[in-house]
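Let me begin by presenting the structure, written as structure tokens, before commenting on it.
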Amino acid sequence: MSSSPAQRFKNPRARYNFLGRTCSITGVGSYVPAKVLTNADLEKMVDTSDEWITSRTGIKERRIAAENEFTSDLGANAALRAMKMAGVSAEQIDLIIVATITPDMPFPSTACLIQRKIRAKRAAAFDLEAACSGFIYGLEIAQQFIMSRTYDTVLVIGAEKLSSITNWKDRNTCVLFGDGAGAAILQNRPESHGLLTAVMGANGDEADLLFMPGGGSRCPASAKSVDSRMHYLQMNGKETFKYAVQAMQTAAQESLRRCELDISQIQCIIPHQANRRIIDAVADRLGASPDQLFVNLEKYGNTSAASVAIALDEAVRSGRIQRGDLILLMVFGAGLTWGAAVIEW
Ligand code: UT7
């Protein structure tokens, strides 16, 4: 018996065929800076050890951008690689969305700076700020523009130079973060599937768990703000950890429910790469097996908005993801924010 239009609208896979539009990811790319900072290097900077960092987080090393290398440089390099995979020229791009908490400067947006660098003259451009959840927020926004027939080709970038807001004297945070960028080209491709659904969530009541107090309208840069170390990120790690597990589990389950999928049908799960223990706890709660997971945090640490974008690119280029595979992305970050997405590759 054929399903009614109302029923078909409930299932994203059917919905997109019904509308005659899809939001396919036709190219991915990533870029990380050359400089490697190992746990052994950090042992010389703060009172920590490779053993502590590895056992508590899973991180072994992270990349650090050069002094004259900015978020827009990292993002532009990742974008060019995604455009090459998609076979898309700069002139074809309708919209650039950059997810970041470390823009080159408060304004103009890093998206505009990347537009200039890649010569995407036709594109509209803006930044979005959803911390580590930004890439999935970006995918969902891109999808809305594509499905509504506003745009055909959208470039979504997650890019961060977290080393610029890291307090290198605070062992609680400086061992966790790294720099890098990932990008995706999203296009209407009626013959394929692509992004099936994206879930976004936020809870501003928990804004104080992870934040950077200085540099905004509440506490503009001053000698006092610099002396008080207000231009560095601050985090309540333990509380953030607990919330991350719960929020990613809920978002992942909601995204699977919308697609009428069971976790066992997912070929590749790409979680936010913040902490191996968070990833294992979420996988356990979801009933996922370890071989469904894609994890690369040992090489890059937590790169915030770039995290799942870099991992998606690596999973595709290494052959871990094959055409037709179902992929689950799940993220969590400051705000608090969270999200999940299901992609049919
Ligand atoms: O991207 C978005 C969100 N961010 C996250 O998802 C991060 C979430 N949180 C975490 O990943 C973990 O909470 C951390 C890795 C940050 C910390 O792990 P933890 O198991 O929660 O450790 P803790 O904060 O409870 O600290 C345990 C001990 C403390 O010592 P005392 O008070 O027990 O004597 C810390 O001072 O470990 C100490 N410690 C360290 N020791 C060596 C904290 N950082 C370090 C360090 N090296 N780098």
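Does anyone have the angle between helix 71-86 and the longest principal axis of the chain? Alpha-carbon axes, 0 to 90°, nearest 10? Approximately 30 degrees, to the nearest 10. When the Gaussian network model of the chain links Cα atoms closer than 10 Å, the mean-square fluctuations of D262, D179, D291 top out at D291.
For the stretch 214-292, applying the loop criterion from DSSP together with a ceiling of 16 other beta carbons within 10 Å to the GluC sites (Glu not before Pro) yields E260.
In the stretch 107-188, what chymotrypsin sites (Phe, Trp or Tyr not before Pro) fall in a loop by DSSP, with at most 14 other Cβ atoms inside 10 Å? Those that pass, being in a loop and sparsely packed, are W168. For the stretch 165-223, what class follows from the C-alpha gyration tensor (a ≥ b ≥ c being the square roots of its eigenvalues): rounded when a/c is under 1.5, otherwise prolate if a/b is larger than b/c, else oblate? Judged from the Cα gyration tensor, the stretch 165-223 comes out prolate (a/c at least 1.5, a/b above b/c). The heavy atoms of D208 offer some 120 square angstrom of accessible surface to a 1.4 angstrom probe.
Using 0.36 nm times the number of residues separating S148 and R116, minus their current alpha carbon distance, what extension gain do you get? All intermediate terms of the calculation are to be shown ahead of the outcome.
Working: separation 32, 0.36 × 32 = 11.52 nm, distance 2.66 nm.
Contour length minus Cα-Cα distance gives 8.9 nm.
Put simply, the amide H of A99, placed in the peptide plane, has neighbours under 5 Å in L128, I157, G158, A159, leaving out anything fewer than 5 places away on its chain. Our compactness index for the chain, the C-alpha radius of gyration over the empirical 2.2 N^0.38 Å, is 0.96. In the chain, the longest principal axis of the Cα atoms and the axis of helix 307-317 are about 60 degrees apart.
Where only protein heavy atoms count, and the probe is 1.4 Å, what is the accessible area per residue for the stretch 196-344 in Å²? All intermediate terms of the calculation are to be shown ahead of the outcome.
Values: 6350 Å² over 149 residues.
Accessible area per residue, the stretch 196-344: 43 Å².
Under a Gaussian network description of the chain, with springs only between Cα atoms under 10 Å, the residue in N68, N39, N77 that fluctuates furthest is N68. Calculate how steeply helix 276-286 sits against the longest principal axis of the alpha-carbon atoms of the chain, using the helix alpha-carbon long axis, and give the answer as 0 to 90 degrees to the nearest 10. So the helix axis and the longest Cα principal axis differ by about 30 degrees. For the stretch 196-344, the equivalent ellipsoid derived from the alpha-carbon gyration tensor has semi-axes of 32, 16, 13 Å in decreasing order. Residues L80, L195, ordered by accessible area of protein heavy atoms at a 1.4 angstrom probe radius and largest first, appear as L80, L195.
Springs between Cα atoms under 10 Å define the GNM used for the chain, and in it the highest mean-square fluctuation of V154, V98, V282 occurs at V282. Share of antiparallel DSSP beta bridges in the chain, in percent to the nearest 5? The antiparallel proportion sits near 70 percent.
The values are calculated or read from the model by the stated rules, or taken from the named source; none is laboratory data. This is a predicted model, so every value here is computed, not measured. Quick reminder, even Gly has a Cβ in these numbers, built from the backbone with ideal geometry, and neighbours come from all protein chains shown. Just the protein is used for accessible areas: all its heavy atoms, side chains included, with ligands, DNA and RNA removed. Shrake-Rupley method; radii C 1.70, N 1.55, O 1.52, S 1.80 Å.
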